[in-house]
1. Let me confirm something: among Gly174, Gly165, Gly161, which residue is more than 27 Å from Glu88 (Cα to Cα), among the small types (Gly, Ala, Ser) and within 21 Å of the chain's Cα centre (by Cα)?
2. (1) over 13 Å from the mean Cα position of the chain (by Cα); (2) crowded, with 18+ Cβ neighbours inside 10 Å: which one isn't true of Lys147, the others all being true?
3. In the stretch 39-76, which residue that is under 17 Å from the mean Cα position of the chain (by Cα) and in a loop (DSSP other than H, G, I, E, B) is surrounded by the fewest Cβ atoms within 10 Å (Cβ to Cβ)?
4. So, restricting to helices (runs of 4 or more DSSP H) that lie completely within the stretch 130-202, which ones have at least 2 residues that are acidic (Asp, Glu), modelled with pLDDT under 95 and closer than 18 Å to Val84 by Cα?
5. Restrict the check to the stretch 94-112 and report whether at least one residue is of a type in the set (D, E, K, R) and assigned to a loop (DSSP other than H, G, I, E, B).
6. Right, His83: at pLDDT below 95 and not aliphatic (A, V, I, L, M) or not?
7. Just to be sure I understand, how many residues within the stretch 45-89 are out of contact with any Asp or Glu (no Cβ under 7 Å at 6 or more places or on another chain), touching a residue at least 40 places away in the same chain (Cβ under 8 Å) and under 27 Å from Gln188 (Cα atoms)?
8. What residue, among those in the stretch 1-39 that are out of contact with any helix residue (DSSP H, G or I) (no Cβ under 7 Å at 6 or more places or on another chain), more than 14 Å from Leu109 (Cβ to Cβ) and aliphatic (A, V, I, L, M), is modelled with the lowest pLDDT?
Amino acid sequence: MTDLTGRRAVVTGGASGIGAACARAFASAGAHVVIADLDADAAAALADELGGESWAVDLADTAALAGLSLEADILVNNAGIQHVRPIEEFEPERFSFILRLMLESPFLLIRAALPGMYERGFGRVINLSSVHGLRASPFKSAYVAAKHGLEGLSKVTALEGGSHGVTSNCIDPGYVRTPLVEKQIADQARLHGITEEEVLPKIMLTESAVKRLVEPAEVASLALWLAGPDAGMVTGASYTMDGGWSAR
């Protein structure tokens, strides 16, 4: 098993979904986990369960992050939302919000964590991207743009951090069984003129060779390996976990 004893892991969006699964995996491997989430109560509850700590933070408030110093051996940039609209109906303020939350705040957190990682000669930056960081889908302009940007940011971090013992990688899952995906179903049904029951087989899983949702624990298992010592030569990579979607 991966041993993270003595490591400090900061997981954004850590109170639910993929983030919570990663937090549990890291804690089970011995890491001290910081649950960073907008939902202060949920973050505190999970932190208490795992013997870690919580950080109630609005990551879309990028001005508040500009001068941040962050102590982390492992940083998981996971926080995100989805908003499904045609481009001509996409609210400009919502587009800006999604880019702040899902691209600018990861940059600011990486910026805040790198000095300490460099000083210690060890760091793991794990960016929860998406198959939408590699492929596009209609009606998701902000999400696709943010994830494509995150892929580039991750690679630059890998190139700059390599000589300091810091790796940076993306995990690119397809649709994961999380509240984020569940909230999309009604919007997708409305936009495509189908029932909510038809959204999974007709929209979400059409490109995947494996016809099921990804489980959060599966994503966390990959994140755990990337955080550990065996992944020291893995950097600048994008690991798909999409059931074959991106193989097309």
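1. Values: Gly174 fails: more than 27 Å from Glu88 (Cα to Cα); Gly165 fails: within 21 Å of the chain's Cα centre (by Cα).
Residue meeting the stated conditions: Gly161.
2. Unmet for Lys147, out of (1) over 13 Å from the mean Cα position of the chain (by Cα); (2) crowded, with 18+ Cβ neighbours inside 10 Å: (1).
3. For the stretch 39-76, the residue satisfying everything is Asp58.
4. Values: elements: 141-161, 179-192, 196-199.
Here the list reads 179-192, 196-199.
5. We begin by selecting, within the stretch 94-112, every residue of a type in the set (D, E, K, R); these are 94, 100, 104, 111.
Narrowing the set further to residues that are assigned to a loop (DSSP other than H, G, I, E, B) leaves none.
Within the stretch 94-112, not a single residue is of a type in the set (D, E, K, R) and assigned to a loop (DSSP other than H, G, I, E, B).
6. Values: at pLDDT below 95: yes; not aliphatic (A, V, I, L, M): yes.
Yes, satisfied.
7. Of the residues in the stretch 45-89, 12 are out of contact with any Asp or Glu (no Cβ under 7 Å at 6 or more places or on another chain), touching a residue at least 40 places away in the same chain (Cβ under 8 Å) and under 27 Å from Gln188 (Cα atoms).
8. Restricting to residues being out of contact with any helix residue (DSSP H, G or I) (no Cβ under 7 Å at 6 or more places or on another chain), more than 14 Å from Leu109 (Cβ to Cβ) and aliphatic (A, V, I, L, M), the top hit is Met1.
The values are calculated or read from the model by the stated rules, or taken from the named source; none is laboratory data. The model shown is predicted, which means the values in this text are computed figures rather than measured ones. Don't worry about glycine lacking a Cβ; one is built from the backbone with ideal geometry, like all the others, and counts go over all protein chains shown.
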